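Structure, as structure tokens:
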Amino acid sequence: MGRSRRTLPEELLLLALDPATGTTAQPQSLDLGLAGAQLVELALAGRIAPDGDRIAVVMPRPTGDPTLDSALELLRRRGSPVRAVHWIGGPRLGLRQIYLSHLERCGMVHAVAGQMCGVLPTTRYQATDTAISRDIRARLDSAIRTGVPPDPRTAALAALAHAVGLGKHLYPGNEGRSSRSRLRDLIRHDPMGGLVAHAVMDVQNGVAAQPRRSQPANGSSRQPGPVPMQPRRSGMARVAAH
């Protein structure tokens, strides 16, 4: 996979990076979104494919991207299709820092060391080429403004941005309400992106154990939102997604 094209995890992270503060919006859910973005990127590369609400490896050949290939190998080792919600909610957190370091090595961001309260060490990340971030944002803005069905990559990026809660970061306030609504609606334009985005939201809502219902045959999709929780049995501890 050539480096002339940015991957979806890279684009999602750059979209979440605040140029003023050097921090990322929605840091807790962003790890989940990055795991989902890896799945979509692998699907676009022809390495995996959806199988109902599961993900199946259809071509185990490496892509040439070490971070994506690590995820592909983990999927291959499973030996059978895995539910997207279980994969995204699995113990692979820390992807945000992995990808920030990756972007730094690629020269797309640079780290700025600092301190919090004059004591705790912190690291901020500044984009080295703001034109890249503007291009990513312009693709989303165009899809929202024109209403023309976007390409699968942009549709998946929009779905993931909505799923991790970047809507209020990208389109804040009352004036951004209609744009946030249209961002959410773009989820229907890419089946793989929609599957992954719903899985990200299900993990956040704590419903990873429940299978997702198939969409109606007419192609209409339900609005993303919390899925009702099952009653908790006494003596059982609820596992929270980070």
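The values are calculated or read from the model by the stated rules, or taken from the named source; none is laboratory data. Model, not experiment: these values are computed from the prediction. Positions of Cβ are backbone-derived with ideal geometry, glycine not excepted, and every protein chain shown enters the neighbour counts. Accessible surface is based on the protein model in full, side chains and every heavy atom, while ligands, DNA and RNA are left aside. Shrake-Rupley method; radii C 1.70, N 1.55, O 1.52, S 1.80 Å.
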A correct Karplus calculation of ³J(HN,Hα) over segment 59-73, with 6.51 cos²θ - 1.76 cosθ + 1.60, θ = phi - 60°, whole Hz and x for Gly and Pro, returns 8, x, 4, x, 8, x, 9, x, 5, 5, 5, 4, 5, 4, 5
In whole Hz, the Karplus estimates of ³J(HN,Hα) for segment 85-90 (6.51, -1.76, 1.60; θ = phi - 60°; x where Gly or Pro) are 5, 6, 5, 5, x, x
Under a 1.4 Å probe, counting only protein heavy atoms, S80 has an accessible area in Å², nearest 10, of 70 Å²
The local net charge around Y99, scoring Lys/Arg +1 and Asp/Glu -1 for residues other than Y99 whose Cβ lies under 10 Å from its Cβ, equals -2
For R83, the residues 5 or more places away or on another chain with a placed amide H closer than 5 Å to its own amide H are I55
Sorted on mean Cβ neighbours within 10 Å (highest first), peptides 40-50, 174-184 come out as 40-50, 174-184
